[in-house]
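Below is one structure, written out as structure tokens; comments come after it.
The values are calculated or read from the model by the stated rules, or taken from the named source; none is laboratory data. Since the model is a prediction, treat every value here as computed from it, not as a measurement. Every residue, glycine among them, receives a Cβ derived from its backbone with ideal geometry; neighbour counts consider all protein chains shown. Side chains are part of the model used for accessible areas, which takes the heavy atoms of the whole protein and leaves out ligands, DNA and RNA. Shrake-Rupley method; radii C 1.70, N 1.55, O 1.52, S 1.80 Å.
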Amino acid sequence: MYDFTYAKPASLADAAKALGGDVEAKALAGGMTFIPVLKQRLNKPSTVIDLGALGLSGIKVEGNKLIIGAMTTHGTVAASTEVNKAIPALADLASNIGDRQVRYRGTIGGSLANNDPSACYPSAVLALGATIKTNERTISADDYFQGMFTTALNPGEIITEVHFSIPEKAAYAKFANPASRYAMVGVFVAKTTAGVRVAITGAGQNGVFRHAAFEAALAKSFTPDALNGIATPVDEMNADIHGSAAYRAHLVGVMAKRAVAAAQ
Amino acid sequence: MPQISLTVNGKPVSATVEARTLLVELLRDKLHLTGTHVGCDTSQCGACTVQVDGMSVKSCTMLAVQAEGASVLTIEGLVNADGSLHPMQAMFREHHALQCGYCTPGMVMSAIDLVETHPEGLSEEQIRHGLEGNLCRCTGYHNIVKAIAAAWPLMHNKALPVAAE
Amino acid sequence: MVVDGIGASVKRKEDLRFLSGRGNYVDDMNRPGQTFAHFLRSDVPHGKINKVDISAALKMPGVVAIFTGDDFTGVGGIPCGWQIHSKDGSPMVEPRHPVLAAGKVRHVGDPIAMVVAETKQQAKDAAEAIVLDIETLPAVAGMTAALAAGAPLVHDEAAGNVCFDWHIGDKAAVEAGFAKAHKVVRLDLVNNRLVPNAMEPRAAIGDYDVSSGEYTLYTTSQNPHVIRLLMGAFVLSIPEHKLRVVAPDVGGGFGSKIFHYAEEAALTWAAGKVKRPIKWTADRTEAFITDAHGRDHISTAELALDSEGNFLALKVNTQANMGAYLSTFAPSVPTYLSATLLAGVYKTPAIYAEVKAVFTNTVPVDAYRGAGRPEATFLVERIVDVAAREMNMDKVEIRKKNFIPKEAFPYQTPIALQYDSGDYMATFDGCLKAADYAGFEARRKASAAKGKLRGIGISTYVEACGIAPSAVAGALGARAGLYEVANIRVHPTGSVTVFTGAHSHGQGHETTFAQLVSEQLGVPHDMIDIVHGDTGKVPFGMGTYGSRSLSVGGSAMVKAMDKIIDKGKKIAAHLMEADVHDIEFKDGKFSVVGTDKAKTFGEIALTAYVPHNYPIEELEPGLEETAFYDPKNFTYPGGCHIAEVEIDPDTGTVGMVSFTAVDDIGRVINPMIVEGQVQGGIAQGIGQALLEHAIYDESGQLLSGSMMDYTMPRADDIPNISVGTEVTLCTHNPLGSKGVGEVGAIGSPPAVINAVVDALRDYGVRHVDMPATPAKIWALIDAYQPKMAAE
């Protein structure tokens, strides 16, 4: 690891100022991805801005919205009574991110800011049509994800909260990469009054994406069988030592059906 | 260089560290608590697991400065003042849940957290899943799972409920 | 009667320190004035080193010294400990393996420079300031590419990238067997390349004492004396009395810590130059590209059978990847540790095997838990299963028909080995029963009702371990002896320190050996200490690998204790004024037969050291004996493993449902430790069969170079493992023990793959190469069911 200056600002304004004033400064949330990256000397920040003292952690329900603070850990989301009541699929998703040690420190905001193409959370945020609140504005999920490791966040912009509309039905089904246990294919399905949304993580060449054909079919009939015969384009899938594009395309279908079954 | 103060195994500790110093480096290199091990560099193996404010964390994936004000418990801090072992340590020995001993401190720290956070009971499947963050190359896990199931009643002072199948 | 002697599941002595964080691993140690080393390594698989410019790096903060390949010109290469001769009688091609790369780099991870600095980070920082001019050369990563006509050469002196082209067995007899065959079954197999991944990464500290001129190397080794011999005599020319090698607590080895590695020589040598201790600890990424890998064989096997299903002959052709350089025991692995085991537990009358060893631009490949025997067992047990199916025979019956019967021991195989004892029917029947083989069909149906494909797989095996008789090993190419040593020091008050050449890195020697001593000398467990891992304390011993610690090292202890008892009897005879032939030693007491006169072991020890009333004319004072034990034969553990799997046809995921093992490992000293050894070995075997694979791309980059991509078995990948034993005693060592360290890793992979193939019986699958990953299984299922649109 290269050395850096460490700062732990006490206010959002100070954190934004520190990050905005220095392009080499980097924000530290849970650090579960960022610290390994630093250890491999793949990143050389001037200053690491620890977001841990900004009071961004917490879970609340307001009307039909579940609001999760950006620094809320996966473990907290998984164990939260509010989340388990409002969107149990989200608690289930959080309970299978990384491992127990990672879930104590990894945060929803960190995961979304990093937008790893095999992270779990982006699929939930996109499928649930969540909105991402930052210190500057509110961004809809459809606008937020812009390809792997790329988001709509401006330099220095800090996620503060994620607002989820509570769906009628939702579920997440994940096929884990055998080695890393990240999502090789993760499918989040959500049925709301506005319709059905299906978001896929892990599989695509360009990060999390919505599956229009699945959504159309499920809008007609929200059953696993509704997905029979609907292919996922193989040429848009990732391929690596753990699975071919064809395998991933197939798994997208299998996991989508399992998610729909679980959401009943 | 940052100055940090924290509690380690119940004792207050102050140190001057580089910002890049990992918690595990503070423990091993500065405080000479070498029971906490490093087995990988991708946060997979869990040999470095310690408890920070009661939560098991991978000390190779946390900066020492992030532990400012925290209470850290390592394997060295588990042994009681009279030299007797924590029930988890005792059950690891009883059930031969360690061979080379390298993953053991992290495995024990993780297992304690697993048992503490499941007062309602723990099935074998839950134990196996709960060890996702800890690798052992020697034992095949069989005896580790047995040891954790055996430690549960000792830590909760009641019999381990048999999971309804 | 000794309560904690042979046969008792005594809790381990070493556990108290490991469980309380007081273990003493190399990275836990620090020497006064210590510096830190970082190795700058090649990131290209093959390249010509034009220039290594260290001038800027030398000016970096904290830098003490920087060494490159040019600095090691007066130093020997890293030696290979085993020489194989090709069919034509020529010795294997043995290219120089420089300590730091000289002229060329030959694999990703090849060390180019060593930076010594005041801190670890400073050494790393300075390494980044070294300017490399390396001209990338075409590389060969796989054996097929390496053996292709016109392939780039890893070493100019190894034409066609062939290290040796060896064979064993009676080719004519095999041809005759095939000529009269009713059926010939042919199978191509790959034994997948593995990364050992002991949880403790390698580490070492080189130290030099200016006043005495003595070097000390602290290192993560399974055999410190072997390191001292190889490094002192062949690389650095340091005489033994000026070189001490210490291997303290070692966090797992599995073979990967047998070998002498370049870093050990570099650190020791450089400590003498900078005159300060130098410490190096590998990180996991470094381990992936520097620790010797395991397996990596490609084989074709042909089995000839008569119409009744009797095996007539077996013919095998294997290519074995050596990597870029010959590691310490690499040449022995595919040859004398593998091909000689191709008889397995069967009375196949004729066997012929050819092995071509191949250089590639990859990390050296050497012994990994089982070393050659898992490869042989996988091949034999797979082809037997395929043969059963193609002969329409039951897989149980075909095995029983061909077993070497227990009356046939000692049994001479057609390929070199003579098995001393075994009862393969007993372990087989025991395992079938323990696994409820008879009830499988009902379980298969229950799985099918849930949409799952269930399979059961059987594997039987024999292995040759307890390595080895020195004369035999020498005749086969070993460049060292393979005996073991024990020194038993009885202290004046009767406590005992045992110095053993065996090394414990998880095996629990401090407990098992203490049980052995307790049993034989009648001394309580807590009065016995076992010392190992320090050439400064222990007489020259050979270390721990090949499941040899108890059968060879323990036998040396028995021999040394025999000498202690003999001497004790003489002292006792003197004290009790009896004839030495009337003295009996039992339960820790020397007594005069037929009388109630007796002296305790402690009294005799005290007399030996306070010889006031002592036969000083005939006997030296003191009570300390050393024995070197060189076995007469290998030992031959054997047994049966049964795996049961359930496949999810939608995803291809193979779930391990159960695993049952019944092994014959000879006499068991500590059943608890034995079970642990078997369970651990089986988990590694399951890892090989289902999860683990070191994959290089064509250019020579390791794609599975971290635990993010190399699948290590986790707790939820492994089932409960049922372990049983059926004992026949080894006939040629005093303990009757055969060895247990490797049986799990040897017997389990074919059991798992046989189960996977069995589960896929309705999908036209004849063979699955390891690892049986979900992607691979799904592809097989998918290929059989060509797209029926909907499902």
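Measuring nothing but protein heavy atoms, the accessible surface of the protein assembly as shown at 1.4 Å probe radius is 52 percent carbon and sulfur.
Normalised by 2.2 N^0.38 Å, with N the number of residues, the alpha-carbon radius of gyration of the range B:87-156 equals 0.96. With N the number of residues in the range C:483-629, Rg(Cα) / (2.2 N^0.38 Å) evaluates to 1.06. Based on Cα contacts under 8 Å between residues 6+ apart, chain A shows a relative contact order of 15 percent.
When C and A come together, around 1900 square angstrom of accessible surface is lost from both chains combined, probe 1.4 Å. Sorted largest first by accessible area at a 1.4 angstrom probe radius, with every protein chain in place, the residues C:R382, A:R197 fall in the order A:R197, C:R382. Of C:F164, C:F628, the order by accessible heavy-atom surface (1.4 Å probe, DNA, RNA and ligands excluded), from most exposed downward, is C:F628, C:F164.
If the cut-off is a Cα-Cα distance under 22 Å, which lysines reach C:K570, setting aside same-chain residues fewer than 8 apart in sequence? Filter leaves C:K559, C:K586, C:K589, C:K597, C:K599.
Using a probe of 1.4 Å, the accessible surface attributed to C:S86 totals some 20 Å² when neighbouring protein chains are kept in position. Working from label points 7 Å from Cα in the Cα-to-Cβ sense, the C:K445 to B:S84 distance is 5.4 nm.
In whole angstrom, how far apart do the alpha carbon centroids of the range C:745-778 and the range C:421-449 sit? The range C:745-778 and the range C:421-449 have Cα centres spaced 18 Å from each other.
Between the range A:1-73 and the range C:309-368, the C-alpha centres lie 54 angstrom from each other. Distance from the Cα centroid of the range C:504-577 to that of the range B:1-43 is 41 Å (rounded to whole angstrom).
Counting charges near C:V768 (Lys, Arg +1; Asp, Glu -1) among other residues having Cβ under 10 Å from its Cβ returns a value of +2. Looking at the P(r) of the range B:3-76, how many percent of alpha-carbon pairs lie beyond 16 Å? Pairs farther apart than 16 Å: 39 percent. Ordered from longest to shortest, the equivalent ellipsoid semi-axes for the range A:168-264 are 22, 13, 11 Å, each the square root of 5 times a Cα gyration tensor eigenvalue. Measuring from each cysteine beta-carbon in chain C, the ones with no other cysteine beta-carbon under 4.7 angstrom are C:C80, C:C163, C:C465, C:C730.
Think of the range A:217-259 as having a plus end and a minus end, set by charges on the Cβ of Lys, Arg, Asp and Glu; of A:V252, A:F222, A:N238, A:F222 sits farthest toward the positive end of this dipole. Summing Lys and Arg as +1 and Asp and Glu as -1 over all other residues whose Cβ lies under 10 Å from the Cβ of A:T73 gives a net charge of +2.
Taking every C-alpha pair closer than 8 Å and separated by at least 6 residues, the mean separation divided by the residue count of chain C gives a relative contact order of 15 percent. When accessible surface is computed with a 1.4 Å probe, chains B and A are found to bury approximately 2300 Å² between them, both chains counted.
Association of chains B and C removes close to 4200 square angstrom of accessible area from solvent, both sides included, for a probe radius of 1.4 Å. Counting only protein heavy atoms and using a 1.4 Å probe, the accessible area of C:K51 comes to about 110 Å². Taking a cut-off of 16 Å, what percent of all Cα-Cα pairs in the range A:5-52 are separated by more than that? Above the 16 Å cut-off, the range A:5-52 has 33 percent of its Cα pairs. Across the protein assembly as shown, Cα-Cα pairs more than 57 Å apart make up 17 percent of the total. Building the convex hull from the alpha-carbon atoms of the range C:171-220 and averaging its projection over directions returns 8.6 nm².
At the residue level, C:K347 shows approximately 90 square angstrom of accessible surface with a 1.4 angstrom probe and all protein chains present.
For the range C:8-42, heavy-atom accessible area (probe 1.4 Å) falls by no less than 10 Å² from the chain alone to the full protein assembly at C:K11, C:R12, C:D15, C:L16, C:F18, C:L19, C:S20, C:G21, C:Y25, C:D27, C:D28, C:N30. Can you tell which of A:A141, A:A245, A:A27 shows the greatest fluctuation in a Gaussian network model of chain A with Cα springs below 10 Å? So, out of A:A141, A:A245, A:A27, the one fluctuating most is A:A245. Counting Cβ atoms of other protein chains within 10 Å of each Cβ in C:253-260 and taking the mean gives 1.
For C:M92, B:M55, the ranking by accessible surface with the largest value first comes to B:M55, C:M92, using a 1.4 Å probe.
The lysines within cross-link reach of A:K174, meaning a Cα-to-Cα straight distance under 25 Å and a gap of 8 or more places when in the same chain, are A:K65, A:K85, A:K191, A:K220, A:K257, B:K58, C:K450, C:K452, C:K776, C:K787. Short-range pairs are left out: with C-alpha atoms under 8 Å and at least six residues apart, the relative contact order of the range C:300-400 is 33 percent.
In this structure, the amide hydrogen of A:G30, modeled 1.01 Å from its nitrogen in the peptide plane, lies closer than 5 angstrom to those of A:T107, A:G110, counting only residues at least 5 positions away or on a different chain.
With both partners inside chain C, how many of the DSSP beta bridges are antiparallel, as a percent to the nearest 5? Once the DSSP bridges in chain C are tallied, antiparallel ones form about 80 percent.
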